[in-house]
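As C-alpha cells, the structure follows; a few thoughts come after it.
The values are calculated or read from the model by the stated rules, or taken from the named source; none is laboratory data. All values derive from a computational prediction rather than experimental measurement. So basically every Cβ, Gly included, is an ideal-geometry build from the backbone, and we count neighbours across all protein chains shown.
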Amino acid sequence: MPMVEVAGKEFEVDEEGYLVNLADWDENIAGYLAQEEKVEMTENHWEVVNFLREYYSEYQIAPAIRVLTKAIAKKLGPDKGNNKYLYELFPYGPAKQACKIAGLPKPTGCI
Amino acid sequence: MSDEMDMEEGGVVKQFMFVNRKAPYGTIYALEGLEVVLISAAFEQDVSMAFIDDGVYELKKGQDTKELGQKNFSPTYRALEGYDIEKLYVERESMEARGLTEDDLLVDVVVMDRAELAAKMAEQDVLISF
C-alpha cells in the first residue's frame, strides 16, 4: 500500500487515501489528509474531527452520517448537529471526509 | 454514501431479525453480522437482534483480544442504540447454560425463554442467521 511522508514521519494509506494504522495519526497527518481532501481546517473542522476520534475510541466504528449528526446534536447542540452545518464544513460528505481526516476507516455502509 | 439514499415516502417497513449464534472470535460471523445490522439501520426497517447459543458470548463484558491479535469489536454493540437498534433479545437457556447473567452483558437486553423467542421469530418478515 502507498506510503506518504509528512513532517519526517512515514505512514501508510490505503488505495482510497485512508490512514491504515489509526495509531499513526497526529495533527500533521490530519493536516496532510485535509489538504488531500481540499478542506481548509478551522476550529469548527477540528471540533468534528476530534468528536469522531472520541466516538471511535468509545465504539470502535466510524459512525454513519445520520448517527454522527444525532450524536453531535446531543453533545454540541442542534446548531452543529445538522446536515447543513456538517456539509458546509465537509462538502463531499462529512462522514467520509471528516473520518478520513480523523484517521478513521471509512464508515461502515458508506460506499 | 448508502446512508444518504432517499427512502421512498411511505415505503414498506418489514420486521428483520438478525440471529447471532456464534462466539465472537474464531469465525467472521459475529463481526460480519454486526456490520450487516449497522448497514441495515440506514434502511429504516424494524430491526432486532437475537443472541442464541455461543452468540451470547458476543455481548459479554470484558473481552480481551490481545492474545488473538484481533480487534475487540465488542464496544460496537454499545453503539447500536445510536443507530436506533434497541431490540436485543437473549435466549435465557443459552445464557444460563454458559453461566452468564444479564449483569455480565455489555448492553441492556431483553431475556426471553426459548419458547418466547421462537414466538418472536415467528412474527418476523425476515430472519437472517449468522
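Summary table below
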read-out: Considering residues of region B:106-126 that are free of Cβ contacts under 8 Å to residues at least 24 places away in the same chain and exposed (fewer than 13 other Cβ atoms within 10 Å of the Cβ) only, the residue nearest to the chain's Cα centre (by Cα); value: B:D108
read-out: Total residues in region A:67-92, condition surrounded by fewer than 19 Cβ atoms within 10 Å (Cβ to Cβ) and within 11 Å of chain B (Cβ to nearest Cβ); value: 5
read-out: Residues (more than 24 Å from B:E35 (Cα to Cα) and either within 14 Å of chain B (Cβ to nearest Cβ) or not in a helix (DSSP H, G or I) (or both)) located in region A:37-59; value: A:E37, A:K38, A:V39, A:E40, A:M41, A:T42
read-out: Hits in region B:49-72 - residues which are in a helix (DSSP H, G or I), closer than 19 Å to B:L117 by Cβ and of a type in the set (A, V, I, L, M, F, W, C); value: B:V56, B:L59
read-out: Matching residues, region B:22-51, being of a type in the set (S, T, Y), at pLDDT 95 or above and under 28 Å from B:G11 (Cα atoms); value: B:S48
read-out: A:V67 vs. criteria hydrophobic (A, V, I, L, M, F, W, C) and within 19 Å of B:P75 (Cβ to Cβ); value: yes
read-out: Verdict on A:A62 being within 12 Å of chain B (Cβ to nearest Cβ), in a loop (DSSP other than H, G, I, E, B), within 10 Å of the chain's Cα centre (by Cα) and free of Cβ contacts under 8 Å to residues at least 60 places away in the same chain; value: yes
read-out: Strands (runs of 3 or more DSSP E) lying entirely in region B:78-130 (those with 3 or more residues that are within 14 Å of B:V19 (Cβ to Cβ)); value: B:87-91, B:126-129
read-out: Residues located in region B:72-86, provided they are surrounded by fewer than 20 Cβ atoms within 10 Å (Cβ to Cβ) and over 23 Å from A:I65 (Cβ atoms); value: B:N72
read-out: Some residue of region A:93-111 being exposed (fewer than 13 other Cβ atoms within 10 Å of the Cβ) and under 27 Å from B:K71 (Cα atoms); value: yes
read-out: Inter-residue pairs, beta-carbon under 7 Å, first within 7 Å of another protein chain (Cβ to nearest Cβ) and in region B:73-88, second aliphatic (A, V, I, L, M) and outside any helix (DSSP H, G or I), 6+ apart; value: B:T76/A:I61; B:R78/B:L106; B:R78/B:V107; B:A79/A:I61
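Yes/no matrix, rows are residues, columns are (1) more than 24 Å from B:A122 (Cα to Cα); (2) touching a residue at least 40 places away in the same chain (Cβ under 8 Å):
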position	(1), (2)
B:K22	no, yes
B:T27	yes, no
B:L31	yes, yes
B:Q45	no, no
B:K61	yes, yes
B:D64	yes, no
B:K71	yes, no
